[in-house]
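To start, the structure under review is shown below, and the notes come after it.
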Amino acid sequence: MDLYMMNCELLATCSALGYLEGDVYHREPDCLESVKDLIRYLRHEDETRDVRQQLGAAQILQNDLLPILVQHPQDKVLFDAVVRLMVNLTQPALLCFGKVPPDAASRHHFLQVLSYLQAYKEAFASEKVFGVLSEKLYDLLQLDWEQRQEEDTLLIERILLLVRNVLHVPPDPTEEQSVDGDASVHDRVLWALHISGMDDLLKFLASAQAEQQWALHVLEIISLMFRDQSPEELAALGQGQAAAEHREDTRELETLRQRELAERRARGLRRPSRHSRFGGSYVLQGLKAIGDRDVVFHKGLHNLKSYSHDLGKETRRVPRRRQAAPEAEPPRRSARNVRLFLRRFCQDFLEGCYNRLMLLVKDQLVREKAQQHDETYYLWATAFFMAFNRRRGFRPELVSETVGVRAFHFIEQNLTTYYEMALMDKKEAATWARRMHLALKAYQELLRTVQEMDRSPEQAVRDSSQVIKSNIFYLMEYRELFLALFRKFDETKQPRSFLRDLVETAHLFLRMLERFCRGRAGLVVQSKRVRRRKKPRAPAALAPQPPSAAELEELWAGLAPQLQACLQGEVPLPEDAVPFDAASETPVEEQRAEALLRIQGCLRDARAPQALRLLRSARDVWPEGDVFGPPDAGPPEETQLLREILFAPLPRHVPPEDEAPEEEEEEDEEEEEETVQVSEKEFNFLDYLKRFACAPVVRALVLLLRGYARNSPRTNHCAARLLHRLARDLRMEALLFQLSLFALFHRLLSDPAAGAHQELVALAKFVLGKFFALAATNKKAFVELLFWKSPAAVREMTEGYGSLREGEGAGRSRVPPWTPQEEQELRELYWKYKEVEGEDVIAAIVAHLPAPGRTRRQVVKQLVRLGLASSTKDFPRERKGTRLVLWTQEQEEELARLFEEFQGSEDVLGNIMKHLTARRSRARVVEKLLGLGLVSERKELYKKRRRKGHGPGPGVAGASAAPAQDSSAEDGDSEEEEEEDEAEEGPMEEHWVPEEGAGQGLAHHLHQEGLAGPLRWLENCLRRTAGDREEDGVSHPVPLVPLSEENEDAMEDRRFRALLRQLGLRPPASEQESFWRIPAALTPQQLRRAAASIAHRGPDPPGSPQELLEPPRCPRDPDPAERPPAGLGSDSESEEPVPVPSAAQPGTKRRREPDSEDEDTGGSGAEPDPAAPRSQEDEDKDEDEDPQPLGRRKRVRRVEDEDEEED
């Protein structure tokens, strides 16, 4: 759609607003409805903001909305609607798009919306518009709180938001190219705001007791009003500073004039008065060309100084990710009348509003009532108004709210947060850097205010300053802040202005700290030290040993009198003993077992009343089976039952330990723990200053001084003073012996205007003199220029290489150095154990190394240093379960013999694993069988399954002939449960048709267990679905929704779900499904046969229980011609393949999500047979990854147990 061709509906709506005839705007009858329609259109615009762009191109705000606002303010409903529409139209482009779009098309739309906003701002630079808004806001503020309606409060907020939006629009650099002192669009908007009296209303809102809710709105508007202003310039205005400004401009012009005159004189000396037709060719001795000869120079001598090998080369482009961060808009000098009214506003605001408003804003920030990142306005206001107050006749009482230890703590906390987020959130690092810059400026202004308090004539103010300084200098966080900011400075994320403020603030902090320490002997400060020590891993938690029979007899002898007293009513029983929690996700059966354990625990803890109360409460909850005694049990029965519970060996659940994944960097037997020790120590300023003697600090200072010509004298002084402290005070001149700094000195000394930078010139001469003095004795000093240096390298460079004693310098660490004897022994051990098969070389070396003991990492690194290994990756750490041992010839012959022996069995791989002499994982055995050519593909090793009705397999006849009997053996029960799980976990096809009579035996068994009601419900659902499909002629998957508690419990029963599978029903296919479904592929006749098969007919089950629990399996690999078009487990109406249902037990709705395996399988296709061996990749993944999480299937746990036994 062409945005410049207006939509017909929008055009009709805009035409119904009215028309402008001369200076009079005539409304149409449908004006109000048209405004509401425009609001509705804006609410449904697309991501390109098409409606907003069309309205901006049509200039609806300039031609219609503003005239309506100015000429018809008496219509309250229309005025409210117009303000709502203008608030929407003028909202910032960043709010519309979320962020600056990265792609070109979206960025075009972003810039188009921004251009319309700039046109709106120019239209708002009208005294009439702000006059109407001010009058309406004044009338609303005159209403008392009991008279003010909700619509009035909303209108106040919308007017403030409209003013905020208009002031927020950035300037257009292509349109506003005027010099300082001219009125820009922003200045004209501010002047209209001032003439209308809106600034007085803002001051009223900031100071009124009843208008506290608008504190953040007012602070945001004020911050936008002073966006282009400098507090120092505003404070100096009207104090004879016109002459000061003139002198500053004259000084800058004089500097430029001196540089121009010097360049002109240099050009005059280079060129002769008479032009030479033959420039000549010269040989530059000592300057080599590409070959071995000297450079031949074919130009005049006046061009010799500009010669470089880079002449004629193409300029190398800097990648965008390495480009310096862009600078913010420099503050411009507004028109004088605008600056005068802003200065007056600052004075009134400080005297009547600042402390109260900042208190309210901080309270909202602390209580988290504000929006995200609103603290940036608080930080800006702190820096701006405190700087204005400091330069405008410093009065500490006007800014008392933001002067104190709490203010320091709040700003330091935010600065640290921004610093950490800039390191973590790489994509938004530039945004976090801007917020960090605001916090740093506020912190700098706090320090300057405290410094100004030291000069106050009032003793109380000076005492307050001493208290603040003693607190901030005592805490370690304030002292370490600047070191962290210097070390993590990144010029690609943080602009040069941030570095400038960082250097100035660090210089101020160091000077204040030095003066604070000067008159005090034995200054004590806080020190925090992080200790890292290795501790042995805690042993596995062991289950407590049960008491012996003698101990239980002795315990019961002491409990009997207490129980007798409780049974006779002499001791009251507690009322808070509840054995059952209906809201718990724990099944009822598990809660019953836990109740028994709780009763036993109370008895063993000699708490007879609690045990008796729990017993009686549990009897009321679980009366069936007389587990807790009969309902009419008397005192003798209860006493005997409690005795049996006390002596019963109840199984206690030991929670499994969370095994953390083993990392490459940690030792197997040890782990590190960190402890922060807080102590006090005597402070030494020079020791603290030595912390700044590092390469990141020097590199940042050199980067700042590269723009010395553009820096202010204050900035150059701070940077030079910091370098002077490092070179002179610490006697580390060699720390500054760096080629980039020397190139800067060369440019400075050859600058014609170097006279304006005398401090830098003196520093350059001092450092260069020290360097050439050192170079006379140390010829390697010239090579050292290429590297940034540490204090240890400086000491070696000045005192001689190898002068550091053991344990000094950067090399000092907790790792003792390797002696020649140890290195020789390491070589011998390495060659000794290198060729040993099946043994970890590094582990063997560590075990045979003498004291002091070496870690695995130290040994590997030393082997790399000695050249015995190319990389540390040559020695990967052996993980659990991945002990790779080569197959010997005897083992291969044994594997081939076992394969021939069990080739015809049901479980070929399982039998081979049981009879292998050398324990190996399934993956290794499968891989070897494939490598020997005994099998051609993995599915030949899959476990063969029996199906009912497909002929008796091996061992089936005996099972079917055996009478149905209940086995009480634990092994039999566990095998039965595992077979049911595997039957339930097998893959299922929706188009699989159940056989006639399927599920009769299992249904009869469920009838005997008391599930007749759920079976009747299932039968009715099947018959109802069959009837519906006959009437409609269309088949859709029908969910089985259990509405009663009985049916829901049945759906959780494992055997009931096995019956559903036998009938051909489909379990939930994914996390989006919660219920079983009747597939669409089942015909009405098949559904009626399934319903008839589960109807109760007689007591004789047709088959043994073992056979009943084995449901018929679906065909594994159907013929390609018969393969269903949809994927396994897909609905018939869906053409897209749906993932196979999870093999985990569905369970209740609450438990389905943690027990699901969709997160592990990733929603992939059909799973392999549960009993078949998994693929090589799956086995390697299971062995190499972390231990299986809770909620895995029993089959997976069983396979892992077998692997552990084999390993």
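The values are calculated or read from the model by the stated rules, or taken from the named source; none is laboratory data. All values derive from a computational prediction rather than experimental measurement. In this analysis, Cβ positions are derived from the backbone assuming ideal geometry, glycine residues included, and neighbour counts consider all displayed protein chains. Note: areas computed on protein heavy atoms with side chains; ligands, DNA, RNA excluded. Shrake-Rupley method; radii C 1.70, N 1.55, O 1.52, S 1.80 Å.
Using a 1.4 Å probe over the heavy atoms of the protein chains, calculate the carbon and sulfur portion of the accessible area of the stretch 368-479 as a whole percent. Answer for the stretch 368-479 is 49 percent, counting heavy atoms of protein chains only. Of the trypsin sites (Lys or Arg not before Pro) found in the stretch 431-478, the ones in coil according to DSSP and having at most 10 other Cβ atoms within 10 Å of their Cβ are Arg455. Are there chymotrypsin sites (Phe, Trp or Tyr not before Pro) in the stretch 122-229 that DSSP puts in a loop and that have at most 16 other Cβ atoms within 10 Å, and which ones? Hits after loop and neighbour filter: Trp145.
Carbon-plus-sulfur fraction of the accessible area of the stretch 1-82, 1.4 Å probe, in percent? All intermediate terms of the calculation are to be shown ahead of the outcome.
Numbers: 2210 of 4280 Å².
In the stretch 1-82, the share of accessible area belonging to carbon and sulfur is 52 percent.
Inter-label distance, Glu33 to Gln209: 4.9 nm, where each label sits 7 Å from its Cα along the C-beta direction. With the cut-off at under 13 Å, measuring from each backbone N in the stretch 205-236 to a point 7 Å along the Cα-to-Cβ line of Trp145 picks out 208-214.
Within the stretch 557-607, the GluC sites (Glu not before Pro) that combine a DSSP coil assignment with at most 15 other C-beta atoms in a 10 angstrom radius are Glu570, Glu575, Glu585.
With the convex hull drawn over the C-alpha atoms of the stretch 1-154, the volume per residue is 126 Å³. Per-peptide packing, taken as the mean over residues of other Cβ atoms within 10 Å, places 929-941, 8-20, 864-876 in the sequence 8-20, 929-941, 864-876 from highest down.
Assuming a ≥ b ≥ c are the square roots of the Cα gyration tensor eigenvalues, decide whether the stretch 549-594 counts as rounded (a/c under 1.5), prolate (otherwise, with a/b larger than b/c) or oblate. List each step's numbers first, then the result.
Working: a/c = 4.72, a/b = 1.60, b/c = 2.94.
Cα axes put the stretch 549-594 in the oblate bin.
Largest first, the residues His915, His194 sort by 1.4 Å accessible area into His915, His194.
Estimated at 0.36 nm per residue, the fully extended path between Arg721 and Gln71 surpasses their Cα-Cα distance by 227.7 nm. When the Cα centres of the stretch 426-487 and the stretch 331-396 are compared, how far apart do they sit, in Å? Here the answer is 18 Å between Cα centres.
Take each peptide in 638-646, 504-512, count the other Cβ atoms within 10 Å of every residue, and average; sorted highest first, the result is 504-512, 638-646. The apolar share of the surface of the stretch 740-799, taken as the fraction of accessible area on carbon and sulfur atoms (1.4 Å probe, ligands and nucleic acids excluded), comes to 63 percent. Fully extending the segment from Val678 to Asp200 would add 166.9 nm, taking 0.36 nm per residue of separation and subtracting the current Cα-Cα distance. Our estimate of slack between Glu232 and Arg616, defined as 0.36 nm per intervening residue step minus the Cα-Cα distance, is 130.1 nm. Per residue, the stretch 383-483 exposes 43 Å² of accessible surface when a 1.4 Å probe is rolled over the protein heavy atoms with every protein chain present.
Pairs to check: Lys441/Lys493; Lys441/Lys765; Lys426/Lys690; Lys362/Lys426. Give those whose C-alpha atoms are more than 22 Å from each other in this structure. Show your work: numbers first, answer last.
Details: Lys441/Lys493 17 Å; Lys441/Lys765 33 Å; Lys426/Lys690 31 Å; Lys362/Lys426 29 Å.
From Lys441/Lys493; Lys441/Lys765; Lys426/Lys690; Lys362/Lys426, over 22 Å: Lys441/Lys765; Lys426/Lys690; Lys362/Lys426.
Distance between the modelled labels on Ser15 and Ser905, one decimal in nanometres: 9.0 nm (7 Å Cα→Cβ projection). Take Glu263: with every protein chain present and a 1.4 Å probe, its accessible area is about 90 Å². The residues of the stretch 128-179 expose on average 55 square angstrom of accessible surface per residue, using a 1.4 Å probe on protein heavy atoms. Cross-link pairs exceeding 31 Å between alpha carbons, from the set Lys99/Lys121; Lys780/Lys832; Lys136/Lys369; Lys528/Lys789: Lys780/Lys832.
Taking only protein heavy atoms and a 1.4 Å probe, what accessible area per residue, in Å², does the stretch 301-375 have with all protein chains in place? Don't skip to the answer; put the middle values down first.
On the way: 5530 Å² over 75 residues.
Ligands and nucleic acids excluded, the result is 74 Å² per residue.
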